[in-house]
Amino acid sequence: MVHLMSFEKCVRCGSCIKFCPLFTAREDEKFTPRAKTYILQVWDLLEDDEELAKEFRRLVFQCTMCGRCEEVCSSDVDLLHIYHEQRSKALKTAPQEFEYLEALKKSLAESKNIYGLDQEDRAVYWIDELIDEIPDIEDRVYEPGKTAEVVVFLGCLMSFRSSQMDVVRSLFRTLERIGTDYLVLGADEFCCGHPLYLAGDDEGAELLRSHNREVMQAAQAKTVITGCPGCLIQLKNYHNLEGIEVLHDTQYFDRELGRPPTLDDSEEFAYHDPCELHRIMGVKTEPRSVMRKVGVNFREMDLSCCGGGGLVRMTDPDLSDKIAEVRRQKEHLGDTTVVTCCPSCREQFLSVGIETRDIVEMIDEAYQKEEE
Amino acid sequence: MKIRDVVIGANASIFYRLDFKKIKGAYYPKTEEDVDEVLARARESRLGVTVKGGGSGLSGACTGGNAERFIISTLLMNRILTINEHEGYVDVQPGASPDDINEILEPRGYKFYVAPSSRDIATVGGILNTDGGGNDTWVNGTMRDNTIRAKMTLYDGRKIVVDHKGVRSNDGALENELNRLGFTLNDVASSHGTLGFITELRVAIRPLTELEVVGAVAHFDDATELGQTLTKMIAAKSPIKYGEALVEAHPDIREDLQLPLLILQFPEDYTDDLRTITDFTMLQPDEVERMKEIRIKLPKRNPREGIQLALFEGYGIHDQSLLKMQESVDRINELLISHDYKPFAKYGHAPSKWYVGSNEPAYGMVMHSREIKPEGKSGHEVLKAILDIVDLCDEIGMTPKPEHKWPYGDRIKRARLEKIREVVGQGFNDFIFCDDCGEMLGSMV
Ligand SMILES: Cc1cc2nc3c(=O)[nH]c(=O)nc-3n(C[C@H](O)[C@H](O)[C@H](O)COP(=O)(O)OP(=O)(O)OC[C@H]3O[C@@H](n4cnc5c(N)ncnc54)[C@H](O)[C@@H]3O)c2cc1C
Ligand code: SF4
Ligand code: SF4
């Protein structure tokens, strides 16, 4: 009941407008958070207009779900919840308008990953790449009966994308170095359900989660770590992993690294804090702490979205590119490399030609330099 | 209908349920030339025009009522054009907010001293049109006091530049006629978008003073004691740099505060003099910040159950109504309750300065009020409550909604605007002058 009324709490003050990356990119009030709550507030005056209703259904998917509006709002408007609810409603009301999401849903239903690739291949690409360096890596892949203290939940992007290979390599090398007792779920890892959650399909997401829950319990994991903030949201908030600690990899490394070697490098990086990590999951200090420990020289970027969240890369790729482009210009990224800790943000920056590194790569590099 | 044409109606006032079919176009110009183009299109289509800044105004004037019209947003006209520290001004486009301006100025050691609580979104064009100001109007004045000149485009496309002395224009006849009328920035201040489109402003800036101030809180037994203290501060011309009164607040948002109270910042060497006016407790800087934070969020907070609204946003309490402030507050509350509104919060800048319709300054407290919205009231019932408040204000000597927020009730200002519009022409926000303006607003609640 409270949630249903939440949009009514908006006093239409406008404080959220200028923070919204959509407004900056599209320069039209239509894309602002206030516009969405306003439409809901005056819906009774509009509901006969089918064309407008259709436009609104599209509009609720033109949002990166970065949560910045909710953060600045002093009127307790639960904006992310409103968008989630409206997305769900839109999908149910007019599934035919979201055929592009159907392909995603189909992949997830059939192959349990967002790419529709054979699920058995989930631990194939990166094992091929890493086997020479970490000969025992295959033993780290979960099979029924195997158990470990730590389970690494790689997520779809890190499992399948070649652009994430260096991060995966750095992650495993670092875990090996510090002697973590870990398993990676391999073919038994299903998508965490985040894309379906963002699409408003809670039932579909729950089917995936329940499988993951069973496997992690069978592996007797005490801790699950992931490098993907989207997976973190799902694992921590929706998987009901009772008795299992869920951490972002930067949180885990901040705790476990002790005194790592430091990079002796004067290059200045720009740190992009992933919205889902710092704003939604509240993980703010650990990524910075790890960077300081390994001596990364970084400046802070504005705490705004890269443009890749909320499925916008799929629902409105032009908008997504525009957000990243606006940021590149505003933040004078030029030749600067962006350091971050989210595979999705990395993909987004890479897609518009911005160099990126993951924090885990920086840790690995510090060790490598020492080893050399 | 397109969503673009609907959401241009979004604004912070209670007048937000528009007849969207009558919005014939929503525009986002970036330059004066873009504005010229939209105005030409409006003339061709014989449509009126409403200018909208941040839409944070509480009078409903940025909606343009319910007439067929174009709405032109200034949100993309937000560039800072010139910074002249030496002569103490910046030229800005009308859609820049005080925060936008100060973000650029503060690293250079300068500041634009107009700070409404809505300074993150309110635009300088909107603030001049409502003659807004923050809790420092007492020392820094309202927007008109901080504006050096404004460039305006009239409905027929003619251009004028208005300052505190008069008008300049390429059109000699127009210039003469407006100067004969004594047209100055005083007329543009609080004109609620009825005269023309402000396309550029020159606003005053001053060095960022690092004046050491100390913070304090004064508690009072009731609002009358608060009002009498404010009266003494006004008479003594107290150098209060920040003054905010919290008069009452619903338990859901009151936290641990004992009300009424006055949050103050003043130069350290004024401490002893201030003690001759009121007792107070000194605050540490972090305590002052916490109280300021509570204050700035008050207009936006909601009760645990139900929703708040600003039925009648600002009561200008001065002279007798200030000296008997508790009585004034009680009368307001009685009236609110008789219309089924539960008082939620009363707070505001104090001591404060504002201007009345004759352009005379008034001093006292601009008390904002928020109420818990009752279920099932029709727009006309809500408007009736507002009009009853206007009458009450007349009766007990408050400025009903300090006129910068309430053009519809200020006869002197309205008559003056009508006279000027005989020269500059109509076309901008004509609805304010219609006989059925009240009816129209009632339908939009
Ligand atoms: C949370 C909150 C706190 C507030 N606190 C304060 C406060 O402390 N002090 C205060 O004074 N007010 C305050 N207000 C009220 C409001 O912010 C002011 O009235 C502000 O000046 C409005 O600016 P705007 O840009 O939002 O204008 P809008 O609301 O968009 O428009 C206001 C009027 O200006 C006209 N207008 C706007 N731009 C132009 C232009 N370029 N040319 C011609 N006409 C134009 C519009 O037509 C309309 O009549 C507050 C409001 C809110 C919601
Ligand atoms: S900040 Fe909150 S209350 Fe203000 S317009 Fe945005 S959603 Fe509404
Ligand atoms: S979640 Fe982010 S992108 Fe979406 S409306 Fe809010 S600020 Fe804009």
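The values are calculated or read from the model by the stated rules, or taken from the named source; none is laboratory data. Since this is a predicted model, take the numbers as computed values, not measurements. With ideal geometry, Cβ positions are generated from the backbone for all residues, glycine too; neighbour counts draw on all protein chains shown. Calculation scope for accessible area: heavy atoms of the full protein, side chains included, ligands and nucleic acids excluded. Shrake-Rupley method; radii C 1.70, N 1.55, O 1.52, S 1.80 Å.
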A:Glu133 meets each of (1) touching a residue at least 40 places away in the same chain (Cβ under 8 Å); (2) open to solvent by less than 50 Å² (accessible area, probe 1.4 Å) with one exception, condition (2)
When (1) open to solvent by 10 Å² or more (accessible area, probe 1.4 Å); (2) outside any loop (DSSP other than H, G, I, E, B); (3) under 25 Å from A:Ile280 (Cα atoms) are applied to A:Leu235, the one that fails is (1)
Scanning region A:11-28 residue by residue, those within 11 Å of ligand 2 (Cβ to nearest atom) and out of contact with any Pro (no Cβ under 8 Å at 6 or more places or on another chain) turn out to be A:Arg12, A:Gly14, A:Ser15, A:Lys18, A:Phe19
By residue number, the members of region A:60-72 that are outside any loop (DSSP other than H, G, I, E, B) and away from ligand 2 (no atom under 16 Å from the Cβ) are none
So, first residue closer than 18 Å to A:His194 by Cβ in region A:300-329, second residue aromatic (Phe, Trp, Tyr) and part of a loop (DSSP other than H, G, I, E, B), Cβ within less than 8 Å, six or more apart or across chains; the pairs are A:Gly310/A:Phe61; A:Leu311/A:Phe61; A:Val312/A:Phe61; A:Thr315/A:Phe61
Scanning region A:31-59 for residues that are within 16 Å of ligand 2 (Cβ to nearest atom) and surrounded by fewer than 23 Cβ atoms within 10 Å (Cβ to Cβ) gives A:Leu40, A:Gln41, A:Val42, A:Trp43, A:Leu59
Notebook entry, point to check: Taking B:Leu105, is it within 8 Å of ligand 1 (Cβ to nearest atom) and aliphatic (A, V, I, L, M)?
Noted result: no
From the option list A:Arg68, A:Arg87, single residue qualifying as within 14 Å of chain B (Cβ to nearest Cβ), touching a Leu at 6+ places or on another chain (Cβ under 9 Å) and closer than 17 Å to A:Val312 by Cα is A:Arg68
Given the conditions (1) in a helix (DSSP H, G or I); (2) over 30 Å from B:Leu39 (Cβ atoms); (3) open to solvent by 40 Å² or more (accessible area, probe 1.4 Å), every one holds for B:Lys419 apart from (2)
Checking A:Arg68, A:Arg34, A:Arg26, A:Arg57 in turn, the sole residue that is within 14 Å of ligand 3 (Cβ to nearest atom), within 21 Å of B:Lys21 (Cα to Cα) and in contact (Cβ under 8 Å) with a residue 24 or more places away in the chain turns out to be A:Arg34
The residue from A:Glu110, A:Glu97 that alone is away from chain B (no Cβ under 14 Å) and without any contact (Cβ under 8 Å) to a residue 12 or more places away in the chain is A:Glu110
Of the candidates A:Leu175, A:Leu171, A:Leu91, the one satisfying the condition of being out of contact with any Lys or Arg (no Cβ under 8 Å at 6 or more places or on another chain) and within 28 Å of A:Glu203 (Cβ to Cβ) is A:Leu91
Here, helices (runs of 4 or more DSSP H) confined to region B:90-144 with at least 1 residues that are touching a Gly at 6+ places or on another chain (Cβ under 9 Å), within 14 Å of another protein chain (Cβ to nearest Cβ) and not acidic (Asp, Glu) are B:98-105, B:124-130
Scanning region A:325-355 for residues that are in a helix (DSSP H, G or I) and under 15 Å from A:Glu300 (Cα atoms), the one most open to solvent (accessible area, probe 1.4 Å) turns out to be A:Lys330
Scanning region A:64-92 for residues that are farther than 19 Å from A:Ala199 by Cβ and among the polar types (S, T, N, Q) gives A:Ser74, A:Ser75
Margin query: With the structure loaded, tell me whether B:Tyr28 is over 25 Å from B:Val161 (Cα atoms), under 24 Å from the mean Cα position of the chain (by Cα) and among the hydroxyl-bearing types (Ser, Thr, Tyr) or whether it fails that test.
Written below: no
Selection from region B:1-60 of residues within 11 Å of another protein chain (Cβ to nearest Cβ), surrounded by 16 or more Cβ atoms within 10 Å (Cβ to Cβ) and not in a loop (DSSP other than H, G, I, E, B) yields B:Ile3, B:Arg4, B:Asp5, B:Val6, B:Val7, B:Phe20, B:Ala26, B:Tyr27, B:Lys52
Restricting attention to region B:116-161, the residues that are polar (S, T, N, Q) and over 19 Å from B:Ser59 (Cβ atoms) number exactly 5
Among the residues of region B:169-193, the number that are open to solvent by less than 30 Å² (accessible area, probe 1.4 Å) and either assigned by TED's automatic domain parsing to the domain that holds B:Leu264 or under 14 Å from B:Arg144 (Cβ atoms) (or both) is 9
Reported set for region A:144-176 where residues are assigned to a loop (DSSP other than H, G, I, E, B) and of a type outside the set (Lys, Arg) is A:Pro144, A:Gly145, A:Thr147, A:Ala148, A:Glu149, A:Leu154
Report whether or not A:Asp76 is within 16 Å of ligand 3 (Cβ to nearest atom), at pLDDT below 95, surrounded by fewer than 18 Cβ atoms within 10 Å (Cβ to Cβ) and within 30 Å of A:Arg209 (Cα to Cα).
yes
Reported set for region A:279-292 where residues are surrounded by fewer than 19 Cβ atoms within 10 Å (Cβ to Cβ) and either modelled with pLDDT under 95 or assigned to a helix (DSSP H, G or I) (or both) is A:Thr285, A:Arg288, A:Ser289, A:Arg292
Filter region A:5-17 for residues that are more than 10 Å from ligand 3 (Cβ to nearest atom), without any contact (Cβ under 8 Å) to a residue 60 or more places away in the chain and in a helix (DSSP H, G or I); the one that is nearest to the other protein chains (Cβ to nearest Cβ) is A:Glu8
Would you check if there is a residue in region A:31-44 being in contact with a helix residue (DSSP H, G or I) (Cβ under 9 Å, 6 or more places away or on another chain), in a loop (DSSP other than H, G, I, E, B) and modelled with pLDDT of 95 or more? yes
The residue that is farthest from B:Gly193 (Cα to Cα), considering only those in region B:75-89 that are in a loop (DSSP other than H, G, I, E, B) and without any contact (Cβ under 8 Å) to a residue 60 or more places away in the chain, is B:His86
ask   = Can we say A:Ile137 is away from chain B (no Cβ under 14 Å) and farther than 30 Å from B:Lys2 by Cα?
value = yes
Conditions (1) of a type in the set (A, V, I, L, M, F, W, C); (2) within 30 Å of B:Gln308 (Cα to Cα); (3) in a loop (DSSP other than H, G, I, E, B); (4) more than 16 Å from ligand 2 (Cβ to nearest atom) -> A:Val77 fails only (4)
